[in-house]
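I have placed the structure first, in the form of structure tokens, so that the comments after it can refer back to it.
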Amino acid sequence: MRSAPESELKETASTRIVNVIRSSVAQFVTIPGDNPELLKAQYRAFSRQMPLMYLILLSSTWAVSTTHMGVAPLWLTVGIPILLTFVCAARVLLWWRSRSVVPTPEAALHALKRVNYLAFGIATAFTAWSFLLYPYGDAYTRSYLAFYMAITVISCIFSLVHLRSAALIVTAIVNGAFIFFFAATGQPTFVAMAVNIALVSFGMLVMLNINQRDFARMVNAQTEALRKHEEQSRLLRMIDDMPMAVMTVEPGTLNINYANETSKELIRKIEHLLPISADNLLGTSIDVFHRNPQHQRRILADPKNLPHNARIKLGPEVLDLKVSAVIADDGSFIGPMLTWALVTKEVEAENRIRQLAHYDTLTGLPNRVTFHEELAKGLVTPGNRLGLLYVDLDGFKLINDTRGHSVGDILLGQVASRLRTICNGPAMTVGRLGGDEFAVLVPHNNAESALALSSKIIEALSAPYDLDYDRSIQLGASVGIAFAPGHGESADELLARADLALYAAKAAGKGQAHIFSPDMETRIHERVRLETKLRDVLETKDGLFVFYQPIVNIETGKVTAREALVRWHHPKRGWISPGEFVPVAEQSGLIDQLGQFVLEQACRDAVERDDGVRVAVNISAVQLGKGTIASAVHSALVASGLSPSQLEIEVTETALLGAETAGIDDLRRIRDMGVRVALDDFGTGYSSLSHLRVFPFDKIKIDGSFVKEAVDRMESAAVVKAVADLGKRLGVTTVAEGVETQAQLDRVREEGCTEIQGYLFGRPAPNDRDAAKIAELNKSAALTKAA
């Protein structure tokens, strides 16, 4: 019952053994195709060794054939050797021709496989021929035949040493047959030879395996070395062609051992600054680029300091140097690699950008950002006390608009120069905050010293400015002062407080210096509230009225025109003075709405009257020059139906900026419609006669300050007479403003004025439609005040 299972087990075990042997043999005789370089190396070795192997085979074969001539048949001693000679000769010729051929990996693999097949055939053929000769001859010939087989297989194995599979095939066939055959003879000498050959074969196979492994390692190492060399060559070619300058340095000596073409080209540009030339760059120490070589050597010698970046000043040129460490595969430090460039222009651009970012391009003073930083830095210093002077030019806009921005820029440069001269004390900083606004930072909070410095600034900036073609330009300046920590502990807060003080200085008449006080903040808040209220009332028009003051012919006493004057009644504050809310409207951009309201209302009221008297409407300086006032006048005339000849537009002298400005063009468009244009407050402007020269006004209104003083001051009376005479010559009506007494009336009549305006002939009064409402408002206000 056990025999069947035991036999199956034995069969299974034997099958496994056979499979293992077959797998091992297959492993030894298979030629791997996954290493192309090894295949080509084996092919090249065989192209040199195979001809020699075939020559050894042929020489040994004919030697054996000669020893058996006469004892063995001719076909064995001559026929078969000739046949083998032809085969071997053909193979010798084939390998000789391929000795200079560089095969592809596929061709090499195909040739090596063919060697395996031929090794099997040739080994079988020569072994069979040897055994066929064995029966012939005596013991000497048989011994020689055994010798022939032994040395032949040894020479074949050495010739096939680079192809383990072929050598193993030859060894297995020839030596296997030899060992089996001669051991089977039972003759002690042949048995000893068989054993010896077996041992030698085993040793040779071990050496063959070792040699095959070493050969593969050598080829792989050569392949890897070639690959690395090609990579390095390709990398060097790439580096040579790079637009970036690259150099490598010996770590021990810090001598330059490589420089690409870009490096040499850059060196040629700065050779005049160096003790070397581009052609002698290699072998030169890197020290030539640095003022402090020892410092550079310490950095470059230790890879821990890398990467490193530095900019080196070399005469007028600037070199940007970046150093990185070149590390080998094993982690060792090969040396530093330097990439560098001439960045002189880039540095100049960076400095220019830095200058633009921190300094005013026109004056060279610190700009708002830089000044703010300096102010903030000073405020955070413990115990530091600072003073901030906020300087604004008076009259600059007028000059900038009339003379052009180029003149304005020259003036700002001279202003900056004067400020530098005056504010040159220790720890003082002068900056331009923008436009015509400057600031001075002083290292103290002493009010007396700050006011004294402000006076010097005002005096210096008010002195005439020297231009080559014009020496008549003159400016003024106002100064607002704030102190830290009393008026603020932050830069923004201190600037805001100084700005409020500046606003107060300008409101007080300009050319002054004011120190911040809390009531200034109260006034500014009140102004903001007033602006909000004015904005609201302009939306509803509730509380806005137009009053009229008559202008009378001095001879007939008849009213020739009525000047429209805006009034505002607030429910809580009562009547708000135009001197208070009109400047707010101008500064907040509401003047166009306010002016449009007055213009339209005045035109409508004039149409409702049947006396044909003209109506005069004042135009703010802010409304002129924008190209919108003419269309606003036209719109009001069309909407009301008023004849253009019944409308007069009054513009003050200070509103006129000169013949070059768009304000004169606006007035010309208005006059072209048939509307009369009057010059108001004549005598208070900058160049009265030039205004009369560039524009043909229909009326000149003499400022009331001259009229009031004309009775007691002869110079004022002379001014009134001069204007009246000028009006007669030009055919222009002259109006004396502010006539309040009979003496003033007599004086202006005597001096020759055409018309008069003032309280003597009438105060501003509403139209009939609004009279009752205004009377009610005044009555309510009186009752409230009495209560």
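The values are calculated or read from the model by the stated rules, or taken from the named source; none is laboratory data. If you're wondering where the values come from, they're calculated on a predicted model, not measured in any experiment. As a convention, Cβ positions derive from the backbone with ideal geometry for all residues, glycine included, and neighbour counts pool all protein chains shown.
Among the residues that make up segment 391-405, is at least one of them aromatic (Phe, Trp, Tyr) and farther than 30 Å from Glu653 by Cβ? No, because not a single residue in segment 391-405 is aromatic (Phe, Trp, Tyr) and farther than 30 Å from Glu653 by Cβ. Identification of strands (runs of 3 or more DSSP E) wholly contained in segment 251-350 with 3 or more residues that are under 30 Å from Glu224 (Cβ atoms) and within 33 Å of the chain's Cα centre (by Cα) yields 317-327, 333-342.
Yes/no matrix, rows are residues, columns are (1) surrounded by 22 or more Cβ atoms within 10 Å (Cβ to Cβ); (2) touching a His at 6+ places or on another chain (Cβ under 8 Å); (3) under 27 Å from Val78 (Cα atoms):
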site: Phe126; (1), (2), (3): yes, no, yes
site: Phe131; (1), (2), (3): no, no, yes
site: Arg142; (1), (2), (3): no, no, yes
site: Val170; (1), (2), (3): yes, no, yes
site: Ala194; (1), (2), (3): no, no, no
site: Leu205; (1), (2), (3): no, no, no
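Here Asp610 passes the criteria (1) without any contact (Cβ under 8 Å) to a residue 12 or more places away in the chain; (2) outside any loop (DSSP other than H, G, I, E, B) except the one numbered (2). Taking the residues in segment 595-618 that are of a type in the set (Gly, Ala, Ser) and buried (at least 16 other Cβ atoms within 10 Å of the Cβ) as candidates, determine which candidate is farthest from Glu650 (Cα to Cα). Result: Ala606.
A quick yes/no check of all residues on (1) surrounded by fewer than 20 Cβ atoms within 10 Å (Cβ to Cβ); (2) in contact (Cβ under 8 Å) with a residue 12 or more places away in the chain; (3) in the same structural domain as Pro382 (by TED's automatic domain parsing):
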| residue | (1), (2), (3) |
| --- | --- |
| Pro485 | yes, yes, yes |
| Glu493 | yes, no, yes |
| Lys506 | yes, yes, yes |
| Glu521 | yes, yes, no |
| Arg573 | yes, no, no |
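Against the list (1) surrounded by fewer than 18 Cβ atoms within 10 Å (Cβ to Cβ); (2) of a type outside the set (D, E, K, R); (3) closer than 18 Å to Gly557 by Cβ, the condition Ser780 fails is (3).
Exactly one residue out of Asn211, Asn196 is assigned by TED's automatic domain parsing to the domain that holds Leu109 and either closer than 26 Å to Val92 by Cα or within 60 Å of the chain's Cα centre (by Cα) (or both): that is Asn211. In the set (1) under 16 Å from Asp666 (Cα atoms); (2) not in a loop (DSSP other than H, G, I, E, B), the condition left unmet by Gly627 is number (2).
Per the conditions (1) at pLDDT 80 or above; (2) buried (at least 17 other Cβ atoms within 10 Å of the Cβ); (3) among the aromatic types (Phe, Trp, Tyr), the sole criterion not satisfied by Tyr54 is (1). Each residue in segment 623-643 was checked for being within 47 Å of the chain's Cα centre (by Cα) and surrounded by fewer than 18 Cβ atoms within 10 Å (Cβ to Cβ), and 4 pass. Just so you know, in segment 575-588 the residues that are of a type in the set (Gly, Ala, Ser) and in contact (Cβ under 8 Å) with a residue 12 or more places away in the chain include one that is surrounded by the most Cβ atoms within 10 Å (Cβ to Cβ), and it is Ala585. With the requirement that a residue be touching a Leu at 6+ places or on another chain (Cβ under 9 Å) and part of a loop (DSSP other than H, G, I, E, B), what does segment 375-397 give you? Passing the criteria: only Gly395.
Taking segment 396-416 as the range and being free of Cβ contacts under 8 Å to residues at least 24 places away in the same chain and hydroxyl-bearing (Ser, Thr, Tyr) as the test, only Ser406 passes.
Scanning segment 428-478 for residues that are part of a strand (DSSP E or B) and not aliphatic (A, V, I, L, M), which turns out surrounded by the fewest Cβ atoms within 10 Å (Cβ to Cβ)? Give the derivation first.
Here is the first cut: in segment 428-478, the ones part of a strand (DSSP E or B) are 429-434, 437-442, 476-478.
Now narrow it down to the ones that are not aliphatic (A, V, I, L, M): 429, 431-432, 434, 437-438, 476, 478.
On the way: Thr429: 20, Gly431: 25, Arg432: 26, Gly434: 10, Glu437: 16, Phe438: 28, Gly476: 15, Ser478: 27.
Residue satisfying both the conditions and the ranking: Gly434.
Per-residue answers, yes or no, for (1) closer than 26 Å to Lys40 by Cα; (2) at pLDDT 75 or above:
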| position | (1), (2) |
| --- | --- |
| Pro135 | no, yes |
| Thr141 | no, yes |
| Met149 | no, yes |
| Ser159 | yes, no |
| His162 | yes, no |
| Phe178 | no, no |
| Gln187 | no, yes |
| Leu208 | yes, no |
| Asp214 | yes, no |
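Among the residues of segment 658-687, which ones are of a type in the set (A, V, I, L, M, F, W, C) and either within 24 Å of Gly404 (Cβ to Cβ) or at pLDDT below 70 (or both)? Within segment 658-687, Ala659, Ala662, Ile664, Leu667 qualify.
Being in a helix (DSSP H, G or I), within 24 Å of Ala172 (Cα to Cα) and touching a Cys at 6+ places or on another chain (Cβ under 6 Å) narrows it down to one residue among Leu109, Leu118, Leu58, Leu132; which is it? Break it down into steps so the answer makes sense when it comes.
Values: Leu109 fails: touching a Cys at 6+ places or on another chain (Cβ under 6 Å); Leu118 fails: touching a Cys at 6+ places or on another chain (Cβ under 6 Å); Leu132 fails: touching a Cys at 6+ places or on another chain (Cβ under 6 Å).
On inspection, the qualifying residue turns out to be Leu58.
Of the residues making up segment 528-542, those that are of a type in the set (Val, Ile, Thr) and surrounded by fewer than 17 Cβ atoms within 10 Å (Cβ to Cβ) are Val528, Thr532, Thr540. Note on segment 698-723: among residues that are closer than 26 Å to Gln646 by Cα and surrounded by fewer than 21 Cβ atoms within 10 Å (Cβ to Cβ), the one that is modelled with the lowest pLDDT is Gly704. Tell me yes or no: at least one residue of segment 644-656 is β-branched (Val, Ile, Thr), surrounded by 18 or more Cβ atoms within 10 Å (Cβ to Cβ), modelled with pLDDT under 85 and in the same structural domain as Lys558 (by TED's automatic domain parsing). For segment 644-656, residues β-branched (Val, Ile, Thr), surrounded by 18 or more Cβ atoms within 10 Å (Cβ to Cβ), modelled with pLDDT under 85 and in the same structural domain as Lys558 (by TED's automatic domain parsing): present.
The single condition among (1) crowded, with 18+ Cβ neighbours inside 10 Å; (2) touching an Asp or Glu at 6+ places or on another chain (Cβ under 6 Å) that Met247 does not satisfy is (2).
Can you confirm whether Asn400 is polar (S, T, N, Q), assigned to a helix (DSSP H, G or I) and in contact with a Gly (Cβ under 8 Å, 6 or more places away or on another chain)?
yes
Within the set of pairs 6 or more residues apart or between chains, which connect a residue that is assigned by TED's automatic domain parsing to the domain that holds Ser155 and in contact (Cβ under 8 Å) with a residue 60 or more places away in the chain inside segment 120-136 to a residue that is buried (at least 16 other Cβ atoms within 10 Å of the Cβ) and in a loop (DSSP other than H, G, I, E, B) with Cβ atoms less than 8 Å apart? The qualifying pairs are Leu133/His68; Tyr136/His68. Selection within segment 327-340: residues that are hydrophobic (A, V, I, L, M, F, W, C) and crowded, with 17+ Cβ neighbours inside 10 Å. The member of this set that is farthest from Asn257 (Cα to Cα) is Trp340. Checking each residue in segment 731-768 for being surrounded by 15 or more Cβ atoms within 10 Å (Cβ to Cβ), out of contact with any Phe, Trp or Tyr (no Cβ under 8 Å at 6 or more places or on another chain) and of a type in the set (S, T, N, Q) picks out Thr733, Thr734, Gln744, Thr754, Gln757.
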